[in-house]
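Notes follow once the structure below has been shown.
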Amino acid sequence: MTVKARLLLVPILLAACNAESGASAKEGAAQPQAAGQPFTVTPVADFESPWAMTFLPDGRMLVTEKAGTLLLVSADGRQKTPVSGTPPVMSEGQGGLMDVVLHPKFAQNRWVYFSYSEANAQGLKGVVLARGKLVDGASPRLDGVQTLFRANSYVEGNGHFSGRIAFAKDGKLFFTNGERQKFTPAQDPKVTLGKVLRLNDDGTPAAGNPLAAKGFHPAVWSYGHRNLLGIAFDGAGNLWEQEMGPKGGDEVNLVLPGRNYGWPNASNGSHYDGRDIPDHKPGDGYEAPKVWWNPVISPGGLMVYSGRMFPQWKGDLFIGGLSSKSLVRVDVNGANATKGDQWPMNARIREVEEGPDGAIWLLEDGGDSQGRLLKLERAK
């Protein structure tokens, strides 16, 4: 057995918050560490229903809260300053202020990209991609906020907005649009719902998208997706994506240009009312997931890990588990992936990010706190 395999077989039991009082652990103090645990867990800050985070070059963070607040957070988590300039958001159901990502040339242009849900004059709802220039100081703000892309089309309901953002090495922007719990739009070539989109950094459809010549919306990169709540590129340039299945069938996919990922015609889960959905199988014309779960983990954020602090996990995927209240590791080997560890976290995990030194940072999605920021570091 390899050293990596032995390390990954160590049982992990993360300390729970005080169940009697409902109080969260003291910020800045590491929680008790179980014997053999490969990381410590330190609560750093607490937020109101946070959704996403990203690190600035100087180690500070931008954190989004579902209701619409963008916060600039000091590297130690002790100072949280609202950033003005974000537009009003529709925060009902699964909607709100969602992802936040820096432009690859942020140091030069100061562009911050973010996504949110909105309602139009008719009460129909959709996800929006926008950007603004971060102006620092005592009262930070986003200047020149621009709407770059709106989902096509807006529909009724408050679910499956998705809205995750990732930049490729060539500067193209990938943006996820969920199928809004409407099923069939995921297979409709004319709309962006249930799709991964490839855009220029100004939000226009990128040239060379694989399905435009076949009559698809020109921004579509892949289709047949459900609720895409995580996308990330690995070091080799592969695009990994995770999405929530229905009753069972949560997925990790390797996203390839022009491929159909099957929803709602194929899934390893079932409809909530018990009706069957055909499983993925060879020759069905749909790209099967690399990893899937039944029962579900309810995947939140997705991160490809560099290996800086935990070299045994270099190149692996880390996923936040919502209903499973867990941190999930997926073992990646080139274009293949298998299940790794699943550590109980005793709270819904919405977001996973890597810090500048290789520490793993998590955002809780409620539970005994409003939504704590946790820092996971190598055990000493």
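The values are calculated or read from the model by the stated rules, or taken from the named source; none is laboratory data. For clarity, every value in this text was computed on a predicted model and none was experimentally measured. Note that each Cβ is placed from the backbone with ideal geometry, even for glycine, and that neighbours are counted across all protein chains shown. Accessible surface is based on the protein model in full, side chains and every heavy atom, while ligands, DNA and RNA are left aside. Shrake-Rupley method; radii C 1.70, N 1.55, O 1.52, S 1.80 Å.
Scan region 330-351 for residues that are farther than 17 Å from Asn253 by Cβ and within 15 Å of the chain's Cα centre (by Cα) and jot them down. Residues satisfying the conditions are Arg348, Ile349, Arg350, Glu351. Residues that are surrounded by fewer than 19 Cβ atoms within 10 Å (Cβ to Cβ), more than 18 Å from the chain's Cα centre (by Cα) and either under 24 Å from Arg350 (Cα atoms) or of a type in the set (A, V, I, L, M) (or both) within region 236-269 comprise Ala236, Lys247, Gly248, Leu256, listed in sequence order. Considering the conditions (1) open to solvent by 20 Å² or more (accessible area, probe 1.4 Å); (2) assigned to a loop (DSSP other than H, G, I, E, B); (3) touching a Phe, Trp or Tyr at 6+ places or on another chain (Cβ under 6 Å), Gly95 is excluded by exactly one of them, (1). Applying the criterion of being farther than 24 Å from Val100 by Cα and in contact with a Ser or Thr (Cβ under 9 Å, 6 or more places away or on another chain) to the residues of region 325-340, the residue that is most open to solvent (accessible area, probe 1.4 Å) is Asp331.
Looking only at region 101-133, which residues are of a type in the set (A, V, I, L, M, F, W, C), free of Cβ contacts under 8 Å to residues at least 60 places away in the same chain and under 24 Å from Pro50 (Cβ atoms)? Talk me through it step by step, then tell me what you get.
Filtering region 101-133 for residues of a type in the set (A, V, I, L, M, F, W, C) gives 101-102, 106-107, 111-112, 114, 119, 121, 124, 127-130.
Subset that is free of Cβ contacts under 8 Å to residues at least 60 places away in the same chain: 102, 106-107, 112, 114, 119, 121, 124, 127-128, 130.
Of everything in region 101-133, those that are of a type in the set (A, V, I, L, M, F, W, C), free of Cβ contacts under 8 Å to residues at least 60 places away in the same chain and under 24 Å from Pro50 (Cβ atoms) turn out to be Leu102, Phe106, Val112, Phe114, Ala119, Val127, Val128, Ala130.
Give me the strands (runs of 3 or more DSSP E) completely within region 118-195, filtered to those with at least 2 residues that are over 21 Å from the mean Cα position of the chain (by Cα), surrounded by fewer than 17 Cβ atoms within 10 Å (Cβ to Cβ) and not charged (D, E, K, R), ordered by residue number. Explain how you work it out, then say what you get.
Values: elements: 125-135, 141-150, 162-167, 173-177.
Passing ranges, in order: 141-150.
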